[in-house]
1. Could you list, in sequence order, the residues of region A:69-110 that are surrounded by 15 or more Cβ atoms within 10 Å (Cβ to Cβ), in contact with an Asp or Glu (Cβ under 8 Å, 6 or more places away or on another chain) and at pLDDT below 95?
2. Could you give me the residue pairs with C-beta distances under 6 Å whose first residue belongs to region B:73-102 and is in contact (Cβ under 8 Å) with a residue 12 or more places away in the chain, whose second residue is assigned to a helix (DSSP H, G or I) wherever it lies, and which are 6+ apart or on separate chains?
3. For B:ALA72, work out the one condition from (1) over 29 Å from A:THR107 (Cα atoms); (2) more than 12 Å from chain A (Cβ to nearest Cβ); (3) not in a strand (DSSP E or B) it doesn't fulfil.
4. How many of the residues in region A:8-51 are without any contact (Cβ under 8 Å) to a residue 40 or more places away in the chain, open to solvent by 30 Å² or more (accessible area, probe 1.4 Å), in contact with a strand residue (DSSP E or B) (Cβ under 7 Å, 6 or more places away or on another chain) and assigned to a loop (DSSP other than H, G, I, E, B)?
5. Of the conditions (1) touching a Ser or Thr at 6+ places or on another chain (Cβ under 7 Å); (2) within 10 Å of chain B (Cβ to nearest Cβ), A:THR45 satisfies every one except a single condition; which number is it?
6. May I ask you to list the residues in region B:20-48 that are basic (Lys, Arg) and under 11 Å from B:SER90 (Cβ atoms)?
7. What tally of residues in region A:59-113 results from selecting those that are without any contact (Cβ under 8 Å) to a residue 40 or more places away in the chain, within 14 Å of another protein chain (Cβ to nearest Cβ) and in a strand (DSSP E or B)?
Amino acid sequence: DQQVKQNSPSLSVQEGRISILNCDYTNSMFDYFLWYKKYPAEGPTFLISISSIKDKNEDGRFTVFLNKSAKHLSLHIVPSQPGDSAVYFCAARGVSGNTPLVFGKGTRLSVIA
Amino acid sequence: GAVVSQHPSWVICKSGTSVKIECRSLDFQATTMFWYRQFPKQSLMLMATSNEGSKATYEQGVEKDKFLINHASLTLSTLTVTSAHPEDSSFYICSARDDGTVMNTEAFFGQGTRLTVV
């Protein structure tokens, strides 16, 4: 049973427009959420995170929104750039600092120039 | 920022041989490291949690005698794939969390190891 779901395997966006990547989770014990960006044959790199006590966190072009009641979060990238083309993984974690991350299957974002 | 180094980045081995993958935290101590495996077009699947000075905790379905984990120091964890078979071919990634930071901090990942068993 997948606890973190990214239902869109791929997304294409025009350069300069907004990219919205969605993620749903089922485990109400998750209290910290992260987005990672991954290029082929490389490890994931951390992008942005949000604690369950917040509903929005912004860092430059990247904003993550959290809707706890809907168990849904989204990553907004604006404006999108060709260098943003990668696979984006949503991840979630429980309260304890040493629990592992649970990942979604990822969404491949293609930003078209 | 914190760096996790994973070595080798790729390896090809013959069936029946063993392969060791190293995961090092370069500028921080990590009591706990995690090993993941990724199949093509799939998510990162947690294999085991590696704890310094104690036995690793394996996820259901992961053979601990097949995937040996040793976390001998606060900066090094190793994953040994024993008697490798072609179905073990995959992308293996480790991650580590900095002991010196507050609880809610991102995990840092190694570059990954592409294992091909022929």
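1. Residues satisfying the conditions are A:ARG93, A:GLY94.
2. Close Cβ pairs satisfying both conditions: B:VAL81/B:ASP88.
3. Unmet condition: (3).
4. Residues meeting the conditions: 1.
5. Checking A:THR45 against (1) touching a Ser or Thr at 6+ places or on another chain (Cβ under 7 Å); (2) within 10 Å of chain B (Cβ to nearest Cβ), the one that fails is (1).
6. Across region B:20-48, the qualifying residue is only B:ARG37.
7. Qualifying residue count for the region: 4.
Rundown of residues vs (1) facing another protein chain (nearest Cβ under 10 Å); (2) in contact with a Pro (Cβ under 6 Å, 6 or more places away or on another chain), yes/no style:
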position: A:SER12; (1), (2): no, no
position: A:GLY16; (1), (2): no, yes
position: A:LEU21; (1), (2): no, no
position: A:ASP24; (1), (2): no, no
position: A:LYS37; (1), (2): no, no
position: A:PRO40; (1), (2): yes, no
position: A:SER49; (1), (2): yes, no
position: A:LYS54; (1), (2): no, no
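The values are calculated or read from the model by the stated rules, or taken from the named source; none is laboratory data. What you see is a predicted model, and the numbers here were worked out from it, not measured in a lab. Every residue, glycine among them, receives a Cβ derived from its backbone with ideal geometry; neighbour counts consider all protein chains shown. Note: areas computed on protein heavy atoms with side chains; ligands, DNA, RNA excluded. Shrake-Rupley method; radii C 1.70, N 1.55, O 1.52, S 1.80 Å.
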